[in-house]
Amino acid sequence: MTRLSSQMLAALPADVIRPNYDRSQVKPGVVHLGIGAFHRAHQAVLFDDALNAGDLRWGITAASLRSPAVRNQMVPQDGLYTMLVRDGGSEQARIVGAVQDVIVAPRAPQALIAAMAAPDTHIVTLTITEKGYKLDPATGALIEDDAQLAADLLSLEQPQTAPGYIVAALARRKAAGLPPFTAISCDNLPHNGTRLRNAVLALARRHDAALAEWIAAEGAFPETMVDRIVPATTPDDIAALTMRLGVEDQAMVKTEPFIQWVIEDDFCGPRPDFGAGVQITAAVAPWEEAKLRLLNGAHSGIAYLGGLAAIDYVHDVLALPEARIFVETLWDEAETTLSPPAELDVAAYRRELMARFDNPTLRHRTHQIAMDGSQKLPQRLLATIAARIETGQGIDALSLAVAAWIRWQVGHDDLGNLHVVDDPLAVPIAAMLGAAATTQDRVAAILAFDAVVPPALGANPLFRDILVRWLTILEIYGARAALETFRPN
Ligand code: CS2
């Protein structure tokens, strides 16, 4: 089957939106680390908007930090791919032209450093997932015994981590008399900019104190909140799009209409005149916290409970009335811990979130969201629970989500279907749960695991008792029964 490419653009059906700019004139202004589906449906589209608006400085050189899979999808297509926006009955296809090249970092580390150190590069964006920062999820300290980080602490000749690439490239820029780039974390971490800055400075200091000082003084690491639901693309999605386009697009992404990128007004160089979907603001934290605790907190609860109940998709979980009440209760609990920005109407935001979760055409898998729970729980659920406990408020629904995460670690759902626990801490967690004889012991082991649970919260007897109650119900009766306790009586 012929692949999508520059040559095939003219032959696409008339209703497919295409780049309106001359791609040969675009300069590479952005380097992106970690090109997965999320980047292609989020930041790349917003830079593509800038290109479509006539500002041709914002082409993207993207990098995979591990596998060549995305390069093999995109390079034969001249970097082009389709973004399919699905909402109930409607579907819109747009070809995004912003990605100019894809580098597989382990195969061409010097090419990636050179791209990041090029004079035209003004912005480096990252979607490397929570675990890519090499920071302890509970304390935020550099995980020095991580093998890749340990290698970068020794030498940056061939960096292994994203912070390693940033330090190597910033060193190159400093030596060349160039200003630093603005480094923008686009992962769902609280204070993601500060975390990235901390990781970069800690690593830089170990190599060259003067470099670290220069980065601290001249660099910029704005905080951001990113939001768009981007389910993993399936072979069926590609087959259906091939029928529609008449060419095959192996790099397509599917997503929802909603898109939001809130960026702290802290750039050390040029930036595009961003269009709709991007807000530049002084304070990102309140946005970030509301999104992490409402959207992502509910998502994780839906993922573990739905996954345990053998329900594949988010919208199918929410077809259960008790699951909706569970989510609303979790939101009632989380909402009181927020200091929402004045522009955010929380009630309307909650209604909009529920409608987004209900989108039946997205087919967002519970198993996808269940990944990397140890990295996600602290900011999505545990911080919220700690804040509720501090003010003497209930934590029933939030704790059920945490208990469901613990239950998920057993590796099978309530019907006995096996799943892989895809998590960087899966092995130590399985070992500690395996060594625990009773439900009480399992809860005690997790609460004592300070890589995930902050010690003060882990020592709280109220939290312990609620977790034991929920985990007992999950172990004996299953997730459906636990959710049913949220039925209106
Ligand atoms: C999801 C997020 O997979 C997950 O953990 O909760 O990727 C979520 O879809 C996005 O944060 C939405 O902006």
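Computed from the coordinates by the stated procedures, all read-outs in this text should not be read as laboratory data. Because the structure is predicted, anything quoted here is derived from the model rather than measured. A quick note on method: Cβ atoms are made from the backbone with ideal geometry, for glycine too, and the neighbour counts reach across all protein chains shown.
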* To do: State the antiparallel share, in %, of DSSP beta bridges confined to the chain, rounding to the nearest 5.
  => 35
* **Segment Gln110-Asp145, length gained on full extension (0.36 nm per residue, minus Cα span)** => 10.1 nm
* Distance between Cα centroids, region 359-385 to region 120-169: provide it in whole Å. => 23
* Structure fact -> Sorted by chain and number, the residues with a modelled amide H under 5 Å from that of Thr281, at a separation of 5 or more or across chains, are Ile263, Glu264, Asp265
* Give, rounded to the nearest 20 debye, the magnitude of the charge dipole that the chain has about its Cα centre when Lys and Arg contribute +1 at Cβ and Asp and Glu contribute -1 at Cβ. => 720
* Asked: How much length is gained if the chain between Ala355 and Ala217 is pulled fully straight, taking 0.36 nm per residue apart and subtracting their Cα-Cα distance, in nm to one decimal?
  -> 45.3 nm
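Explain nothing, just the number: dipole magnitude of region 186-336 about its Cα centre with +1 on each Lys and Arg Cβ and -1 on each Asp and Glu Cβ, in debye rounded to the nearest 20. Mind showing how you got there, number by number?
Values: 11 positive and 24 negative charges, 65 e Å.
It comes to approximately 320 debye.
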* Asked: Cross-link partners among lysines for Lys131, C-alpha distance below 23 Å, same-chain residues fewer than 8 apart left out?
  -> Lys291, Lys376
* Rh (Kirkwood; distinct C-alpha pairs) - the chain, Å -> 23.4
* Structure fact -> Of the residues Tyr349, Ser5, Thr336, the Cα lying farthest along the dipole of the chain towards its positive end, which is defined by charges on the beta carbon of Lys, Arg, Asp and Glu, belongs to Ser5
* Asked: Spin-label point model (7 Å from Cα, Cβ direction): what's the Ala319 to Ile280 distance in nm?
  -> 4.6
* **Paramagnetic reach from Asp15 in region 65-109 [backbone N under 16 Å; point 7 Å along Cα→Cβ]** => 83-95
* Asked: Relative contact order for the chain using alpha-carbon pairs under 8 Å, separation at least 6, rounded to a whole percent?
  -> 14
* Please report the relative contact order for region 1-82, taking Cα pairs under 8 Å with a sequence separation of at least 6, and give it as a percent rounded to a whole number. => 41
* Per-residue ellipticity at 222 nm for the chain, helices alone: DSSP H runs ≥ 4 residues times -39500 (n - 2.57), over residue total, nearest 500 deg cm²/dmol? -> -12500 deg cm²/dmol
* What is the magnitude of the charge dipole of region 288-331 about its Cα centre, with +1 placed on the Cβ of each Lys and Arg, -1 on the Cβ of each Asp and Glu, and no other charges, expressed in debye to the nearest 20? -> 60
* Read phi for every residue in region 268-279 and hand back ³J(HN,Hα) as whole Hz from Karplus 6.51 cos²θ - 1.76 cosθ + 1.60, θ = phi - 60°, with x for Gly and Pro. => 9, x, x, 9, x, 7, 4, x, 4, x, 10, 10
* Asked: What ranking of Phe463, Phe326 emerges when the number of other C-beta atoms within 10 Å of each C-beta is taken as an exposure proxy, fewest first?
  -> Phe463, Phe326
* Using modelled amide H (1.01 Å from N, peptide plane; none on Pro or chain starts), what sits under 5 Å from the amide H of Leu135, excluding residues fewer than 5 places away? -> Ile143
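Between Thr2 and Asp22, what is the FRET efficiency for a Förster distance of 30 Å, r being their Cβ-Cβ separation, to the nearest 0.05?
On the way: r = 23 Å, r/R0 = 0.77.
Once rounded, the FRET efficiency stands at 0.85.
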* To do: Of the options Gln393, Val443, Ile429, report the single residue whose Cα projects farthest towards the positive end of the charge dipole of region 320-476 (beta-carbon charges: Lys, Arg +1; Asp, Glu -1).
  => Ile429
* To do: Please give the helix 346-358 orientation as an angle from the longest Cα principal axis of the chain, in degrees from 0 to 90, rounded to the nearest 10.
  => 80
* Got a sec to turn the phi values of region 154-166 into Karplus ³J(HN,Hα) couplings, 6.51 cos²θ - 1.76 cosθ + 1.60 with θ = phi - 60°, whole Hz, x for Gly and Pro? -> 7, 7, 10, 4, 10, x, 10, 10, 5, x, x, 4, 5
* To the nearest Å, what is the center-to-center distance of region 1-70 and region 192-215, using C-alpha atoms only? -> 31
* Structure fact -> Going residue by residue through region 467-482, the Karplus relation 6.51 cos²θ - 1.76 cosθ + 1.60 with θ = phi - 60° gives ³J(HN,Hα) values, rounded to whole Hz and with x marking Gly or Pro, of 4, 4, 4, 5, 5, 4, 4, 5, 6, 8, 10, x, 5, 4, 5, 4
* Residues with beta-carbon under 11 Å from that of Glu328, excluding Glu328: net charge, scoring Lys, Arg +1 and Asp, Glu -1? -> -1
* **Top positive-direction residue, dipole computed over the chain with Cβ charges, set Ala162, Ile369, Asn417** => Ala162
* Structure fact -> Once amide hydrogens are built 1.01 Å from N within the peptide plane, the residues lying 5 or more places from Tyr81 or on another chain with amide H under 5 Å from its amide H are Val96
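Out of region 280-389, which GluC sites (Glu not before Pro) are coil in DSSP terms and have no more than 12 other C-beta atoms within 10 Å? Intermediate values should be presented prior to the final figure.
Details: sites: Glu288, Glu289, Glu322, Glu328, Glu333, Glu335, Glu343, Glu352; in loops: Glu343.
Sparse-neighbourhood loop GluC sites (Glu not before Pro): Glu343.
How far, in nm, would the chain grow between Asp465 and Gln158 when pulled straight, counting 0.36 nm per residue and subtracting the alpha carbon separation? Before the final figure, lay out the partial values.
Numbers: separation 307, 0.36 × 307 = 110.52 nm, distance 4.85 nm.
Once the chain is fully extended between Asp465 and Gln158, it gains 105.7 nm.
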